[in-house]
Every structure is written in structure tokens, then in C-alpha cells.
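*Asks:* I am attaching a structure below and will ask some questions about it afterwards.
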Amino acid sequence: MSALHVQGSRLRAYLEFVTAIVFFFLARSVAQHGANGLVGEAWEPLVEQAMLAFLLIVVYAGFGGLFDRQQHAISDQGLPLRPGFRRELGLGLAIGWGVAVACVLMLTLFGGIAVVLSLGLTSWGWLLADAAFFACATLAEEVAFRGYGFQCFVRVVGPVGATLAFSFFYALMQALLPGSDPTSIVVSFLFCIVLSVAYLRTRALWVSWGLNFGWKASRALIFGLTVSGVSSHSSVVEGNPMGPFWVTGGGFGQDGTWIAFLAFLIALVVLYRATSELNYLHNAPEFIPGGIPVDLDDAARRQHEAVMGPGTQAEKPLVQISPGGSVTPPAASGEPPAGPPPVD
């Protein structure tokens, strides 16, 4: 019966995983058509990613509450507002920023960046919109690739199998982008592994979301570089990279360079060490008491009585302590008490 129960649980988790993947593609289509009908072309990317993130979070939370009886479905899918979640987000931002800076430094050493600045008030306003776009886009990616569907698949094949499968799925999605090549596919595969490890070590999406945002947004908004084949994200800084293909990535950007691959290998080690405390806090085994309560004192007493036999303690007589002075003992029964001696 135990084996049948485990098999049934895995089958249900697999069906939930398939449902989550099907809804992901449905939500992408709904968000794309909805944004196209609601706003103009300039605002369409931001609205599309915001709608996609909203649909994934709300519907996946509904799946968790309906199928798995989760009482806090949004928190359980990786977004708990627990103590220190801002620090976790900042940790991910720092690691993602570090990877981006390392790749840009290699670009400046072996090539260069021609930078054009646009410091008008309108440009700064669009820069905020671009930052919101990356925040929504990376959040949607984290919920889609490390949220409810990923967690269901972990129950089916384990964390290693789920990480490899979703990394392959993410690399396949990136391969469909214009300008993608084998190098960018390999980098995408490793990048997804790093993000999945961040989730598995912390059981939340804060570190992986911050890392994803830091890697993509910093290159686009601060250095004006191309991200996954798109070079129109920054309205303030426009960077034109110069140098060999292995540091620039060509038209696809540094997402398709071996420099990024090596940087993410180092980031994986840094991430693993930086999340040691979080891994201990959120992955330590939970000991659930079982069995029935036992009165140890009563058990010890019954064991003693079984060996030694029941015994009763004899009552000790009370001893009365008289005040100072000599006391004459009472006469024996039937004899009158002795009187004072006769006086001659």
C-alpha cells in the first residue's frame, strides 16, 4: 500500500506539472494579445510581462490551493514574505551584478564600448519603465521555471532531474530567439541551473529573481548592451560593443559568449557558499513526533513493581517531644499511681 501511495502521489504531481506547463503557454498567448489590444507599441512589452507575471502567480496559486490544499499558496510557490527576504533579494542582485560586471570588464579589456548618453527628462522616465519591464520579465521567468510547475516536477524525478529538465526546457525556449547559436544555448542551460540551485538552496525565488534581474538589467540599463538579441532597452545609455565575437556575442549579446559561461561557473560556486546559512534554515529536516504519549515515571514504577513486587511502607509511629524536665512514666495498668513519700 505504501508503494502504491507513492506511485499515486508521483502520478498526481506529474499531471499537475503538465497542467502548469500547458497554462504557461496559454498565459503567454493571453498576455501577448491582451497587451496588444490595451496599449500602444511603446508600452506593449512592459504590459505584456506584467500581465504574464500576474496570471502565472494568481493561477498557479489557485492550482496549489485546489490540488495540494496549500493554505498559503503564493508563499508556497516561492514568494514568502519571511524575515530577511529583502536580504535574499539583495544577495541575488549582487551576484547577478558581479557576473555582468565581469563580462563587461572582459569586453573593455579585449575590445571596447562606444557609449552614447541621452540625459533628457523623458529618457529618464523611460529608463524607469525599462527597469519595471525587467523586473516583471524576470519575475515571470522565475515563477514559470522555478515556481509551481518546477516544484511539482521535483516530486516526480527529484531536484537534480527537475533542474536538468527545466534547464533544457529554458535553453530550448532561448534557442527560438532570433540570433541564437549553440553557445547561447549552452549559456542558457547553465544559467538556468544556477537559478534553480538558488531556489533549491533557499526554497524561495528571492535570490534567483535578484540574480536574474541583476544579470540582465544591469547590462541593458547601465551599460546599454544587447540582451538576448534586443538592444533597445535603455533610453539613457546606448552601448556599441567592439571587439572579437567571443567577448561581444555579436548581435545576440554576451548571453552567447564563453566568457559568460565561465562567469556563471564561478557564480555557481559563489552562490553555493553564500547560501549556506539559508540552506541550513530552510532545508533542515523537520522532525515530526509520532506514536503515542508515554508516562516514563509511571512506566518505571510499574517495571519496578513487576520485579520487586508491590510493597507498602510501614507507618512510622509519631514521637512526641516533651518540654524540659524529668517525666515520670505512667504506672502499669491496675496499680495506683505512687504518691509522695511519708513525712515523719
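The values are calculated or read from the model by the stated rules, or taken from the named source; none is laboratory data. Please read these numbers as outputs of a predicted model, since none were measured by experiment. Note that we place each Cβ from the backbone using ideal geometry, even for glycine, and neighbour counts take in every protein chain shown. Quick note on the areas: whole protein, heavy atoms, side chains included, nothing else; ligands and nucleic acids left out. Shrake-Rupley method; radii C 1.70, N 1.55, O 1.52, S 1.80 Å.
*Asks:* Tally time: how many residues in the range 229-268 are of a type in the set (S, T, N, Q), in contact with a strand residue (DSSP E or B) (Cβ under 7 Å, 6 or more places away or on another chain) and surrounded by fewer than 23 Cβ atoms within 10 Å (Cβ to Cβ)?
*Replies:* The number of residues fulfilling the criteria is 1.
*Asks:* Looking at the range 77-110, which of the residues that are open to solvent by 50 Å² or more (accessible area, probe 1.4 Å) and more than 30 Å from F63 (Cα to Cα) is nearest to the chain's Cα centre (by Cα)?
*Replies:* By that ranking, first place goes to A94.
*Asks:* Give the residues of the range 29-47 that are at pLDDT 95 or above and charged (D, E, K, R), sorted by residue number.
*Replies:* Hits for the range 29-47: nothing passes.
*Asks:* Let me ask you something else. Any idea which of T122, T138 is of a type outside the set (A, V, I, L, M) and more than 21 Å from the chain's Cα centre (by Cα)?
*Replies:* Being of a type outside the set (A, V, I, L, M) and more than 21 Å from the chain's Cα centre (by Cα) holds for just one of T122, T138, which is T122.
*Asks:* I'd like to verify a number: residues in the range 20-50 that are outside any helix (DSSP H, G or I) and open to solvent by 60 Å² or more (accessible area, probe 1.4 Å), how many?
*Replies:* Adding up the residues that qualify gives 3.
*Asks:* Moving to a separate point now. Restricting to the range 51-78, and then to whatever is out of contact with any Leu (no Cβ under 6 Å at 6 or more places or on another chain) and assigned to a loop (DSSP other than H, G, I, E, B), can you tell me which residue is nearest to Y14 (Cα to Cα)?
*Replies:* Checking each candidate, the answer is D68.
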